[in-house]
1. For a quick check, take a GNM of the chain with Cα springs below 10 Å and name the residue from Gly288, Gly336, Gly146 with the largest mean-square fluctuation.
2. Which ³J(HN,Hα) values in Hz, rounded to whole numbers, follow from the phi angles of region 396-403 under the Karplus curve 6.51 cos²θ - 1.76 cosθ + 1.60, where θ = phi - 60° and Gly and Pro get x?
3. Using a Förster distance of 22 angstrom, determine the FRET efficiency expected from the C-beta separation of Ala150 and Ser218, and round it to 0.05.
4. Hey, got a sec? Which trypsin sites (Lys or Arg not before Pro) in region 188-229 land in a DSSP loop and have at most 11 other Cβ atoms within 10 Å?
5. Kirkwood Rh over Cα pairs of region 305-352 into Stokes-Einstein at 10 °C, 1.306 mPa s: D in µm²/s?
6. Need one word for region 78-396: rounded, prolate or oblate. Basis is the Cα gyration tensor (sqrt eigenvalues a ≥ b ≥ c); a/c below 1.5 gives rounded, then a/b vs b/c decides.
7. Pick out, in residue order, every one of the GluC sites (Glu not before Pro) in region 120-225 that is DSSP loop and has at most 16 other C-beta atoms within 10 Å; say none if there are none.
8. Which of the trypsin sites (Lys or Arg not before Pro) found in region 38-99 are in a DSSP loop and have at most 14 neighbouring Cβ atoms, other than their own, within 10 Å?
Amino acid sequence: MKSRRLNVQEDHNTILQCHSRTCTEEYSETIPHDLIIEIVSRLPTKSVARCRCVSKLWSSLLVHPDFTETYLTRSSARLKILFACVKDGKVLFFTSPQPQPDDKLSPRTATASANYHMSFPFDHVIDIYSPMSGLVCIRDGRIVKGRKTAAMVWEICNPSTGQSFILPKMKSRKWTGARSFFGYDPTEKQFKVLSMFTNNGVSSEHQVLTLAASGKLSVRIVECGIPHSPLGSGICIDGVLYYKASTSRLVDGIMCFDVRSETFRFVQVKEPFIRAVQPRATLINYKGKLGSVMSAQSYHYIDENSRRFVMYVLQDLEKQEWSKHMYELAPLREYGVAMLVFAGVTVAGEIVLSPTPRYPSSPFYVFYCSLERKSIRIVEIQGMEGFEEVYTFVNHVEDVKLMQTF
């Protein structure tokens with residue numbers, strides 16, 4: 001009878017692996033679940049992914065809503081600057097800590113590192129929407145076999161988990177063009193994409209795609225009743241999506257879409273604040289209120305010839321009361337920057353400017369302008385070299401909740 005040769009190395013490794021796995025399971029059972037959640041909720045997102053591989057117990061604990069909600073709450077208290085960088089057919093996501101108002105930064109020497117998270121393949125990035133509760137929506141011109149022109153797709157990405165999925169294509173027989181906006185309902189915790197199909201630039205049909213927290217996806221047509229032309233990008237504040245619009249009677253104003261009730265409302269903007277809704281103005285969230293910023297020359301960017309910018313803040317929607325603020329920057333040539341765009345406003349009220357996405361500068365600077373203190377803080381972000389495009393977003397939260405399969 002031929003004896004079986006024993007592979008000592010293989011058997012030893014197997015014993016060690018089994019012993020280690022058994023010990024991990026047994027040791028995990030002795031640690032209070034609340035303590036595991038408390039400890040892991042303080043770790044970076046990459047560490048959370050590793051911890052989910054420790055054992056079946058840890059995996060179930062770290063996908064439970066008790067943990068994911070705790071992590072999201074802690075992340076909301078340590079907001080990040082998110083950078084979406086385009087290079088070689090990919091979008092790479094980086095984050096950097098968002099400076100706090102009491103941080104002492106030297107305008108000349110302050111630096112921060114960009115931490116890499118994930119990358120996602122794309123064919124031709126057309127636009128990247130502001131993140132909503134950790135998720136990013138990207139509009140891409142997708143190359144499809146057999147088609148001469150690229151197909152327009154919208155893809156949702158989570159830079160914290162690496163998950164992504166393509167939204168189903170919305171169809172209409174009445175349209176010649178389409179515009180979409182990304183919104184979030186914090187009460188029901190639902191993400192929604194508002195798409196409007198236009199005819200000669202005027203919206204004629206409105207559809208809402210809902211991404212429920214349960215993973216259910218639905219599409220339905222909603223009535224607007226206000227024919228209008230959407231202008232520029234929108235912004236979602238406390239469950240209300242705002243975007244600039246012009247009605248069929250050529251009246252300029254703000255369209256308000258309640259994400260939860262899916263209802264529309266148009267607010268006309270009159271002189272002397274009509275500039276707040278000009279096509280080149282950028283809508284912002286200024287301390288929970290709708291705001292609008294632009295250069296003094298009515299551009300959506302700041303350059304050497306337009307260092308001053310103006311901000312309008314809507315104090316009372318019903319009464320149409322706006323406040324106006326002016327700010328002037330130092331000459332941009334001092335920092336080797338040719339052009340800046342408005343990236344948003346921090347929760348502390350600092351207006352953030354960064355290099356225009358399609359012309360990122362090197363070194364890459366982010367400017368924090370405080371209207372209250374009449375001061376400016378400048379941070380050089382290290383690791384932004386060599387990208388074709390760099391999009392900058394403020395107040396990013398990291399959500400480690402795994403998305404369901406839609």
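Derivation of every value follows stated rules applied to the coordinates shown; laboratory data play no part. If you're wondering where the values come from, they're calculated on a predicted model, not measured in any experiment. Note: ideal-geometry Cβ built from the backbone for every residue, glycine included; neighbour counts use all protein chains shown.
1. Gly146
2. Per-residue couplings from phi come out as 7, 10, 9, 10, 9, 5, 6, 6 Hz.
3. Using R0 = 22 Å, I get an efficiency of 0.20.
4. For trypsin sites (Lys or Arg not before Pro) across region 188-229 that sit outside H, G, I, E and B with at most 11 neighbouring Cβ atoms in 10 Å, the list reads Lys216.
5. Approximately 124 µm²/s, per Stokes-Einstein.
6. Working: a/c = 1.68, a/b = 1.19, b/c = 1.41.
Oblate.
7. Those satisfying the criteria are Glu188, Glu223.
8. Within region 38-99, the qualifying trypsin sites (Lys or Arg not before Pro) (loop, at most 14 other Cβ atoms within 10 Å) are Arg42, Arg78.
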